[in-house]
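The values are calculated or read from the model by the stated rules, or taken from the named source; none is laboratory data. Given the structure is predicted, the values throughout are model-derived calculations rather than measurements. Note that we place each Cβ from the backbone using ideal geometry, even for glycine, and neighbour counts take in every protein chain shown. Protein only, heavy atoms only, side chains kept; ligands, DNA and RNA dropped before computing areas. Shrake-Rupley method; radii C 1.70, N 1.55, O 1.52, S 1.80 Å.
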Amino acid sequence: MHPHSTQRIQRRLGAQPNDAVAASLRRIRVQIDFAARFAAYRKDAGGQALAAQAESLVDEFQGDVDSLQGLVAQVEEVLAPIGSEAKKTVVHCVGHGHIDMNWMWSWPETVATTHDTFASVLSLMRQYPQLTYSQSQASVYALIEKYHPEMFAEIQQRVKEGRWEVTAVHWVEGDKNLAHGESLARHLLYTRRYFQEKFGLAPEDVPVDWEPDTFGHANTVPGILAQGAVQFYYSCRTGGGHHHPRVGEERPPLFWWEGPDGSRVLVNRETTWYNSYVNIGDNIALPAVDFFEATGLDEWLNIYGVGNHGGGPTHEEIEWMLELQTYPIYPEVRFSTATAFYRNVLRKADSGAIQVPVIDHELNYEFTGCYTSQSAIKRANRLGEQFCLEAETLAALQGRDVRCLMREAWLPVLFNQFHDILPGSGVTA
C-alpha cells in the first residue's frame, strides 16, 4: 500500500512514531502489503480485490485514536480469506552472527568479537525460550573452548537442546578455489572429528556447509562435500552477490549443484542477504513470496542478525518476529534452523512436489583481484599445504597414524584459508 495512507492517519492523530498508534499502523501496512503481493503471486483476482478493499478502508478512515483498533480489526476481517491461505506457508527465522576471522582486525579482536557475540546470543536465549541460533566455523568454537570454557559448556548444553545449530563442516568459511582439494578434505576431517568429540555430533547431524561470503566455488566442491556427508549448501555469492555483477547465466534461488563425479548438494542461494540490516526491511514475508514464486515452495529461509564483526540477533528483531506471529494475514513465522528448512525442501524435491534445477559448473566470480592480490599469503598457503602433505606421506611410509599426528600443523593452514585472508581482501598484518 502507499505509505502516505498510514502517514496521513499518523499526522492527523498527532501520534508519536514509537507508540501504540505507530504499531497499529505498521500492523495494517505490513499485512495489506503482504496480502496484495501474495494474491498477485497466486493470480488470485478475488484476493487482489480484497487487498484493494482493505486499502480503501485505510484511505477513508476519519476516526480518532480510540477507533484505530477497530480499523485494524476491519482490515483483518476483509483479508481473512487470504490469511487462511497464507498460514499454510512458513518463514523459517534463523538467527546468525557472521564472524569474519581477521578481516579488518587482529586475532585478539576476533577472540573478543566471538565472545561478545556468543555472550549476547546466550543471554537472549535465557530471555526468549523460542530463540534458535545457527553458527558455523569450527575455529570459533575452538577459541571459545580455549579462552572461555564456562561459555563453551553452556553452548554445548544449547546444542544438546536443539536451540543452537552447528552449521560448521569446515574449520573456517574458507576460499573454495585457491585452497587445495586435500585441504578441503582436511577441513572436513578435523571439523567432523571436533564436533564428534566435543558435542557428540555425527557427520549426519551437521549436513549444512555454511558459506555465505565465500567469493567463488570450484565445480569439484560437491564431490568433496558429498564424501563428508554434506547434503546442503548455503551461499550468497554464487556469481553475483550484494551489489556485484553476475558472470554467466542466472543462478536460481534453489538448485542442485552437481560435480564432475555426479555428486550433488542442494544449494539455497540467499536472495536477500546473510546480514539482516542490509536490505530486507520489516516486511520479511515479501521476499518470501518472491522465493515461493521462483521455486514452487511454500517455505523460505530468513537469516537474520548483525554480522561481519559479530553481533547476532537483537532484541528488536526477536520482538518483531514475535509480533509477526500474531498477525493473522501473514505466513507462519517460525524460529527454526537451517537444517529443518533444507530437510523439508529435500522431502518435497524427492516426492516430486517441486522441480529443482541442476547446475553442473563452477559458481564464480565475485571480486576482481581475489586470485592476484596479497601474493605473499597465497604463496605461504601453498607452501603450508605442500609441506603438510609431504610430512603426512613420510609419516605414513613409517607406518605412523597420521590422522591426529598432523592436526596442529594443518589447523593454521586451514585457518588462513578464510575467505578474507587467502583471497587477499583482509588488511595486511
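For the reader, a short list of remarks on this structure follows.
Quick grid of which residues meet (1) more than 25 Å from THR214 (Cβ to Cβ); (2) at pLDDT 95 or above; (3) in a helix (DSSP H, G or I):
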{"position": "HIS115", "(1), (2), (3)": "no, yes, yes"}
{"position": "ALA119", "(1), (2), (3)": "yes, yes, yes"}
{"position": "LEU124", "(1), (2), (3)": "yes, yes, yes"}
{"position": "GLU145", "(1), (2), (3)": "no, yes, yes"}
{"position": "LYS160", "(1), (2), (3)": "yes, yes, yes"}
{"position": "TRP171", "(1), (2), (3)": "no, yes, no"}
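- Looking across region 75-86 at every residue that is over 13 Å from LEU25 (Cα atoms) and of a type outside the set (A, V, I, L, M), the one that is least open to solvent (accessible area, probe 1.4 Å) is identified as GLY83.
Residue by residue, here is whether (1) outside any helix (DSSP H, G or I); (2) open to solvent by less than 30 Å² (accessible area, probe 1.4 Å); (3) without any contact (Cβ under 8 Å) to a residue 40 or more places away in the chain holds:
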site	(1), (2), (3)
TYR190	no, yes, no
GLU197	no, no, yes
ASN219	yes, no, no
PRO222	no, yes, no
ALA226	no, no, yes
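- Long-range neighbours under 7 Å by Cβ, at least six apart or interchain, first residue touching a residue at least 12 places away in the same chain (Cβ under 8 Å) within region 104-118, second assigned to a loop (DSSP other than H, G, I, E, B) and open to solvent by 50 Å² or more (accessible area, probe 1.4 Å): MET104/VAL427; HIS115/HIS148
- Residue check, ILE82 in a helix (DSSP H, G or I) and either at positive phi or modelled with pLDDT under 90 (or both): no
- Flag for GLU249 being farther than 26 Å from GLY384 by Cα, open to solvent by 30 Å² or more (accessible area, probe 1.4 Å), at pLDDT below 95 and more than 14 Å from the chain's Cα centre (by Cα): yes
- Listed by first and then second residue, the pairs with beta-carbon distance under 6 Å, at least 6 apart or on different chains, first residue in region 156-185 and open to solvent by 30 Å² or more (accessible area, probe 1.4 Å), second part of a loop (DSSP other than H, G, I, E, B) and β-branched (Val, Ile, Thr), are ARG163/THR132.
- All conditions but one from (1) farther than 14 Å from ALA179 by Cβ; (2) in contact with a Lys or Arg (Cβ under 9 Å, 6 or more places away or on another chain) apply to TYR371; the one that does not is (1).
- When region 252-276 is filtered for residues that are open to solvent by 10 Å² or more (accessible area, probe 1.4 Å) and at pLDDT 90 or above, the ones remaining, listed by number, are PRO252, PRO253, TRP256, GLU258, PRO260, ASP261, GLY262, SER263, ARG264, ARG269.
- Here SER336 meets each of (1) under 23 Å from THR110 (Cα atoms); (2) small (Gly, Ala, Ser); (3) buried (at least 19 other Cβ atoms within 10 Å of the Cβ) with one exception, condition (1).
- Given (1) open to solvent by 50 Å² or more (accessible area, probe 1.4 Å); (2) modelled with pLDDT of 95 or more, index of the condition LEU297 fails: (1)
- Helices (runs of 4 or more DSSP H) lying entirely in region 375-416 (those with 2 or more residues that are without any contact (Cβ under 8 Å) to a residue 12 or more places away in the chain): 375-397, 402-405
- Residue in region 350-358 that is touching a strand residue (DSSP E or B) at 6+ places or on another chain (Cβ under 6 Å), surrounded by fewer than 19 Cβ atoms within 10 Å (Cβ to Cβ), among the β-branched types (Val, Ile, Thr) and not in a helix (DSSP H, G or I) present: yes
- Those residues of region 126-143 which are aliphatic (A, V, I, L, M) and outside any helix (DSSP H, G or I), in sequence order: LEU131
- Residue, farthest from ALA86 (Cα to Cα), within region 38-62, restricted to residues that are open to solvent by 60 Å² or more (accessible area, probe 1.4 Å), assigned to a helix (DSSP H, G or I) and of a type outside the set (A, V, I, L, M): ASP59
- When the residues of region 370-429 are filtered to those that are basic (Lys, Arg) and at pLDDT 90 or above, the one that is farthest from TRP105 (Cα to Cα) is ARG407.
- Of the residues making up region 133-155, just one is within 21 Å of SER336 (Cα to Cα) and open to solvent by 10 Å² or more (accessible area, probe 1.4 Å), namely GLU154.
- Within region 37-77, restricting attention to residues that are more than 37 Å from the chain's Cα centre (by Cα) and hydroxyl-bearing (Ser, Thr, Tyr), the residue that is modelled with the lowest pLDDT is SER67.
Results for (1) β-branched (Val, Ile, Thr); (2) under 25 Å from GLU299 (Cα atoms), shown as yes or no for each residue.
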{"site": "ASP66", "(1), (2)": "no, no"}
{"site": "GLY70", "(1), (2)": "no, no"}
{"site": "VAL78", "(1), (2)": "yes, yes"}
{"site": "GLY83", "(1), (2)": "no, yes"}
{"site": "TRP103", "(1), (2)": "no, no"}
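- Of the residues making up region 232-240, not a single one is part of a loop (DSSP other than H, G, I, E, B), touching a Pro at 6+ places or on another chain (Cβ under 9 Å) and at pLDDT 95 or above.
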